[in-house]
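Report on the following structure.
The values are calculated or read from the model by the stated rules, or taken from the named source; none is laboratory data. Keep in mind it's a predicted model, so treat the numbers as computed, not measured. Positions of Cβ are generated from backbone atoms using ideal geometry, with glycine treated the same way; all protein chains shown enter the neighbour counts.
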Amino acid sequence: MAAVGAVSRALAELHARLATVDEGAVADYIPQLALADPATFGLALASMDGHRYAAGDALVPFTIQSVSKPFVYALALAGLGLDAVTARVGAEPSGEGFNAISLEPGTGRPANPMINAGAIVTTSLIPASGPAERFDRILTCLSAFAGRPLDVDEAVYASESRTGDRNRALAYLMRGAGSLTEDVEEVVDVYFRQCAVRVTTADLAVMAATLANGGVNPVTGEPVVPELTAERVLAVMATSGMYDAAGDWLLRVGLPAKGGVSGALIACSPARFGIAAYSPPLDAVGNPVRGVLALRELSERYALHLMHHPGTAPVTAAWDMHGEAVALVIAQGPLEFTATERLLSMLAEAVAPLPAAGGVVLDLDRVSRVDRASAAMAREELTALRRRGLTVAAVGEAGAAVLDDPDHVFATRERALAWCEQQVGASEPPDGQQQTGASPPDNRHW
Ligand code: GLU
């Protein structure tokens, strides 16, 4: 599917601006991670329709680290059910660092699956006959989320295995308290391997999009985990995904997210998209500086906060040719980020078959609301089409909001089409093929 220029440009612009941010420090407690280039910076977004967008170093590989935790939690939930998993790992934000000894007094149950203690127990819960099979199941699951076979960065794995005594200590404490029942060395080894799985920012965007899409990978179409599982994972990410900055994150960004010490960050906008950032320098809490800034800005600009009023109804859009040289694109409902992304993808599809001097009519008469960022996205796209030599007309009040030239905005679809046809000198289509504005083709919903 066509990727929308406006979304790519928004990511590229954000990337260019944030690339100059020079704060934070690359994690060095795992010696191999210290070798990461602090300048590497990738951004990627995958929509529910499987459209993919990227900026910067989105194809540079790195280790997934803690961003593996929500996906392995999903695997545990899908296999064992919520009650069996929460009996062993809680769902309360710990308010502490990622490697804190955050165990429930009495039971030794770790606070949540997003911190190391909880993640180690979660890994131990994956049903398997031994550690090799357990890791195999985890790798298969992570690969299904990504939509391609992933592998392990052996150097990072070996480096963490040599130095990961704090995680071993945590595991021994939990084993002593009875909350970890498997062999400590074996479980920790699987956990280290899981953290060393190699991904790119583009992979992580698809993985996040799969969670946002009810557990179905939007690119491959594969159902990876049940919808209810995906929903529950998002809930725990929302409360505990960002270490002890989880509250501030929910306040400012308002999206389920997970960061990791390699500099990876994912965020999920349910039913909209998954987004990922990779940039190694971390803030004092352990979250990647540039990734956090990127998400804050995107959330604010496109009104992505979970608590944001969603409007009244989803946008629907359709397009068709009107003769040979004019395309007609129609939308209805409120235009926010996702609806606009979808509409602009459709617009890209609609103009593809047009001749160089063709025309397009964008009928937004039934669009109930356009937020400012969406209007800007659409305006940018229409300006680009006009620069390419296409004639562009819009219909309705929302049409006026997205087209710079008021002379090309019309009150009715018929007038816009007539004007557009006149401009491009389109010949009448043969009898029987003409679709008039008054009788839209069958595939439209109105
Ligand atoms: N492998 C890392 C550890 O356990 C992951 C930590 C993280 O990314 O937060 O220390």
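A few remarks follow.
- Selection of first residues in region 146-167 that are away from the ligand (no atom under 13 Å from the Cβ) and of second residues that are part of a strand (DSSP E or B) and at pLDDT 95 or above, restricted to Cβ pairs under 8 Å at least 6 apart or on distinct chains, gives the following pairs, ordered by first then second residue: A146/V199; L150/V197; L150/R198; L150/V199; D151/V197; D151/R198.
- Only listed residue being surrounded by fewer than 23 Cβ atoms within 10 Å (Cβ to Cβ), within 20 Å of the chain's Cα centre (by Cα) and closer than 25 Å to Q194 by Cα, chosen from A257, A276, A267, A246: A246
- Applying the set (1) surrounded by fewer than 21 Cβ atoms within 10 Å (Cβ to Cβ); (2) under 15 Å from A331 (Cβ atoms); (3) more than 31 Å from the chain's Cα centre (by Cα); (4) not β-branched (V, I, T) to G389 leaves exactly one unmet item: (2).
- Options A246, A276, A235, A230; residue that is under 29 Å from D28 (Cβ atoms) and at pLDDT 95 or above: A276
- Unique match (being modelled with pLDDT under 95 and either surrounded by fewer than 18 Cβ atoms within 10 Å (Cβ to Cβ) or over 25 Å from T239 (Cα atoms) (or both)) among A84, A10, A16: A10
- Any hit, region 22-41, residues being of a type in the set (A, V, I, L, M), within 29 Å of N213 (Cβ to Cβ) and in contact (Cβ under 8 Å) with a residue 12 or more places away in the chain: no
- Some residue of region 360-375 being modelled with pLDDT of 90 or more, surrounded by fewer than 24 Cβ atoms within 10 Å (Cβ to Cβ) and more than 25 Å from A212 (Cα to Cα): yes
- Residue that is modelled with the lowest pLDDT, among those in region 101-113 that are assigned to a loop (DSSP other than H, G, I, E, B) and either in contact with a Phe, Trp or Tyr (Cβ under 6 Å, 6 or more places away or on another chain) or more than 15 Å from G241 (Cβ to Cβ) (or both): I101
- Residue count, region 48-76 (criterion: modelled with pLDDT of 95 or more, more than 16 Å from the ligand (Cβ to nearest atom) and within 23 Å of R232 (Cβ to Cβ)): 3
- Listed by position, the helices (runs of 4 or more DSSP H) contained in region 114-191 that have at least 2 residues being out of contact with any Cys (no Cβ under 9 Å at 6 or more places or on another chain) and β-branched (V, I, T) are 116-125, 131-146.
- Matching entry among A313, A331, A303 (being modelled with pLDDT under 85 and hydrophobic (A, V, I, L, M, F, W, C)): A313
- Being touching a residue at least 12 places away in the same chain (Cβ under 8 Å), buried (at least 20 other Cβ atoms within 10 Å of the Cβ) and either farther than 23 Å from A212 by Cα or not small (G, A, S) (or both) is true of L45.
- Against the conditions (1) surrounded by fewer than 17 Cβ atoms within 10 Å (Cβ to Cβ); (2) under 34 Å from the mean Cα position of the chain (by Cα), G399 satisfies every one except (1).
- V199 being within 15 Å of the ligand (Cβ to nearest atom) and either in contact (Cβ under 8 Å) with a residue 12 or more places away in the chain or crowded, with 22+ Cβ neighbours inside 10 Å (or both): yes
- Residue in region 1-21 that is nearest to the ligand (Cβ to nearest atom), counting only those that are assigned to a loop (DSSP other than H, G, I, E, B) and touching a residue at least 12 places away in the same chain (Cβ under 8 Å): V21
- For region 77-93, the criterion of a residue being of a type in the set (V, I, T) and within 30 Å of L293 (Cα to Cα) is satisfied by no position.
- Residue within region 209-225 that is assigned to a strand (DSSP E or B), more than 14 Å from the ligand (Cβ to nearest atom) and surrounded by fewer than 16 Cβ atoms within 10 Å (Cβ to Cβ) present: yes
- Residue within region 99-109 that is closer than 24 Å to E227 by Cα and more than 13 Å from the ligand (Cβ to nearest atom) present: no
- Some residue of region 222-245 being without any contact (Cβ under 8 Å) to a residue 12 or more places away in the chain, in contact with a strand residue (DSSP E or B) (Cβ under 8 Å, 6 or more places away or on another chain) and over 24 Å from G90 (Cβ atoms): yes
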